[in-house]
Amino acid sequence: MRPHSLSGKILLVVVLVLFSALIAGCSAPVQDSLAADWRLTVNGTTERVLTMNDLKALPSADGYGYCVSTTGFRFGPYTCKGVDLKDIAGLVGGVNPGQQVWISAPDGYLWVFDSDQLEGRGFVTFNENLTEIPSPALRIILMYEQNGTALSYDDGGPARIAIISEQPGVITEGSAWVKWVDRIEIRE
Ligand SMILES: Nc1nc2c(c(=O)[nH]1)N[C@H]1C(S)=C(S)[C@@H](COP(=O)(O)O)O[C@H]1N2
Ligand SMILES: [Mo]
């Protein structure tokens, strides 16, 4: 087919239209499908499976989150929005004193919080210079928004554990910030 023929031009236009549709379809909707495909299993005295819409329908909690990796790399500070872990546990019977909350992800990562931490106590906290400071009251949330936007996969989205404070500048240990959370279990 000669490039200057009419059918050649039509073909070029069709290819360009399809190509731009493909590019447009690959940006924002990736984020949407990440959330749409996600399911959270919550297991306690009963079991519930939540979608992202179910999670977002629960009362939201927000605050400042800032964490540090074991190698001293700092992530944040962020504004974080999500649902308090106590409210999620409440859907399956709640957490009694002495029980634990097991948080896991598809990569096999597991982190355990005790009932005291669910009340915001018993965390190790640091200031900006990574000097340990007395811990203010904290909240553990399952975060779905970071700095006002949906959490990306690289940041642990669609849902990640965040430990938040009312005032900024409180740094917590990154190991508790479980990425890609898909299972929450209340255990003895
Ligand atoms: N699912 C999952 N979450 C995780 C981890 C992991 O390996 N898997 N690593 C944790 C640790 S040890 C840290 S310090 C922070 C940040 O880790 P990154 O540097 O791998 O993002 O995420 C935490 N959350
Ligand atoms: Mo870490």
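The values are calculated or read from the model by the stated rules, or taken from the named source; none is laboratory data. Computed from a predicted structure; not experimentally measured. Backbone-built Cβ (ideal geometry, glycine too); neighbour counts: all protein chains shown. What goes into the accessible areas is simple: the full protein's heavy atoms, side chains included, and nothing from ligands, DNA or RNA. Shrake-Rupley method; radii C 1.70, N 1.55, O 1.52, S 1.80 Å.
Consider segment 61-85. How many of its residues are more than 16 Å from ligand 2 (Cβ to nearest atom) and not basic (Lys, Arg)?
12
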Checklist outcome for this item: The lone condition residue 145 fails out of (1) open to solvent by 60 Å² or more (accessible area, probe 1.4 Å); (2) of a type in the set (D, E, K, R); (3) away from ligand 2 (no atom under 15 Å from the Cβ) is (1)
Next on the checklist: If I ask for residues that are touching a strand residue (DSSP E or B) at 6+ places or on another chain (Cβ under 8 Å), small (Gly, Ala, Ser) and open to solvent by 40 Å² or more (accessible area, probe 1.4 Å), which ones from segment 72-97 would you list?
Outcome noted: 93
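For every residue, the table says whether it meets (1) assigned to a loop (DSSP other than H, G, I, E, B); (2) over 21 Å from residue 55 (Cα atoms); (3) more than 16 Å from ligand 1 (Cβ to nearest atom).
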{"position": "94", "(1), (2), (3)": "yes, no, yes"}
{"position": "106", "(1), (2), (3)": "yes, no, no"}
{"position": "113", "(1), (2), (3)": "no, no, no"}
{"position": "128", "(1), (2), (3)": "yes, yes, yes"}
{"position": "142", "(1), (2), (3)": "no, no, no"}
{"position": "154", "(1), (2), (3)": "yes, no, no"}
{"position": "167", "(1), (2), (3)": "yes, yes, yes"}
Next on the checklist: Pairs needed: first member in segment 66-94, at positive phi; second member anywhere, open to solvent by 30 Å² or more (accessible area, probe 1.4 Å) and within 16 Å of ligand 2 (Cβ to nearest atom); C-beta distance under 7 Å; at least 6 residues apart or different chains.
Outcome noted: 72/130
Checklist entry - Is segment 36-55 home to any residue that is under 20 Å from residue 139 (Cα atoms), surrounded by fewer than 16 Cβ atoms within 10 Å (Cβ to Cβ) and not charged (D, E, K, R)? => result no
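Quick grid of which residues meet (1) open to solvent by 10 Å² or more (accessible area, probe 1.4 Å); (2) in contact with a helix residue (DSSP H, G or I) (Cβ under 7 Å, 6 or more places away or on another chain):
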{"position": "150", "(1), (2)": "yes, yes"}
{"position": "156", "(1), (2)": "no, no"}
{"position": "160", "(1), (2)": "yes, no"}
{"position": "167", "(1), (2)": "yes, no"}
{"position": "170", "(1), (2)": "yes, no"}
{"position": "173", "(1), (2)": "yes, no"}
{"position": "177", "(1), (2)": "no, no"}
{"position": "186", "(1), (2)": "yes, yes"}
Next on the checklist: Condition first: closer than 21 Å to residue 181 by Cα, within 16 Å of ligand 2 (Cβ to nearest atom) and among the charged types (D, E, K, R). Can you find one or more residues in segment 86-96 that meet it?
Outcome noted: no
